[in-house]
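A short worksheet on the structure shown next.
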Ligand SMILES: O=C(O)[C@@H]1C=C(O)[C@@H](O)[C@H](O)C1
């Protein structure tokens, strides 16, 4: 199944571990990335990642991944609720993706209940804390087929 995974984290996720710990927990992004890298290595999956607070930087990275990765795991942060451009980028490169939210967005403010991505995601994982990243990678490794070689 998926042999290469790109993990993307959107705005403010660089603050993970110190940002509203009651909502997002105390695990840092660095810890999340280390765990994801180890998980992928154990599965012989190529792993890359990017966190950015800038929509266009994330979009450019998605474009760059075209034809190079089998799956994207993305926590878009607040861009989940605002970004048609991010949706269009993912659709435009035709890479299957898994949407992750650390918190249960459906238990929070109404504006967090809508996602511009969910209807196109292979799976949506929310409310599992940072375990959601592990679950997303496990799902992708089992369920997302490798892209056809050119
Ligand atoms: O739960 C999360 O990981 C998401 C992270 C954010 O930064 C919020 O803007 C989203 O609304 C929820």
Just to confirm my numbers, what's the Cα centroid distance between the range 29-58 and the range 71-86 in Å?
15
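Grab the Cα-Cα distance for residue 128 and residue 85, subtract it from 0.36 nm times how many residues apart they are, and report the gain in nm with one decimal.
Roughly 12.8 nm would be gained on extension.
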Quick calc: nm separation of the 7 Å Cα→Cβ label points for residue 54 and residue 34 -> 2.8
Percent of all Cα-Cα pairs per 10 Å bin for the range 36-88, counting from 0 up to the last occupied bin, reads 20, 51, 25, 4
Residue with peak Gaussian network fluctuation, the chain [Cα springs, cutoff 10 Å], from 107, 68, 120
107
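Shape verdict for the range 1-89, please, from the Cα gyration tensor: rounded (a/c under 1.5), prolate (a/b greater than b/c) or oblate. Before the final figure, lay out the partial values.
Details: a/c = 2.40, a/b = 1.09, b/c = 2.20.
Taking the square roots of the gyration eigenvalues as a ≥ b ≥ c, the range 1-89 is oblate.
How would you rank 100, 124, 84, going from fewest to most other Cβ atoms within 10 Å of each one's own Cβ?
Working: 100 27, 124 17, 84 10.
Fewest-to-most Cβ neighbours within 10 Å comes out as 84, 124, 100.
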The residues 64, 20, sorted from fewest to most surrounding Cβ atoms within 10 Å, come out as 20, 64
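Any idea what the alpha-carbon Rg over 2.2 N^0.38 Å comes to for the range 8-146? Let's see the in-between values first.
Values: Rg = 13.9 Å, N = 139, 2.2 N^0.38 = 14.3 Å.
Normalised Cα radius of gyration, the range 8-146: 0.97.
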Residues in the range 112-150 reached by a label modelled at residue 94 [backbone nitrogen below 19 Å; 7 Å Cα→Cβ]
120-122, 144-150
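Once you keep just the Cα pairs under 8 angstrom separated by 6 or more residues, what percentage relative contact order results for the chain?
On the way: 279 pairs, mean separation 46.9, N = 150.
The value is 31 percent.
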Please compute P(r) over all alpha-carbon pairs of the range 63-112, binned at 10 Å starting from zero, and give each bin as a whole-number percent.
23, 50, 23, 5
So the FRET efficiency between residue 44 and residue 135, C-beta based with R0 = 25 Å and rounded to 0.05, is 0.85
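Grab the DSSP H runs of the chain that are 4 residues or longer, score each as -39,500 (n - 2.57), total them, divide by all residues and round the 222 nm result to the nearest 500 deg cm²/dmol. Let's see the in-between values first.
Details: 5 runs with 52 residues, N = 150.
Helix contribution divided over all residues of the chain: -10500 deg cm²/dmol.
Quick note: the coordinates plus some simple rules give every number you see, no bench work behind them. This structure is a prediction, so every number in the text was calculated from the model and none was measured. No Cβ is skipped: glycine too gets one built from the backbone with ideal geometry, and neighbour counts run over all protein chains shown.
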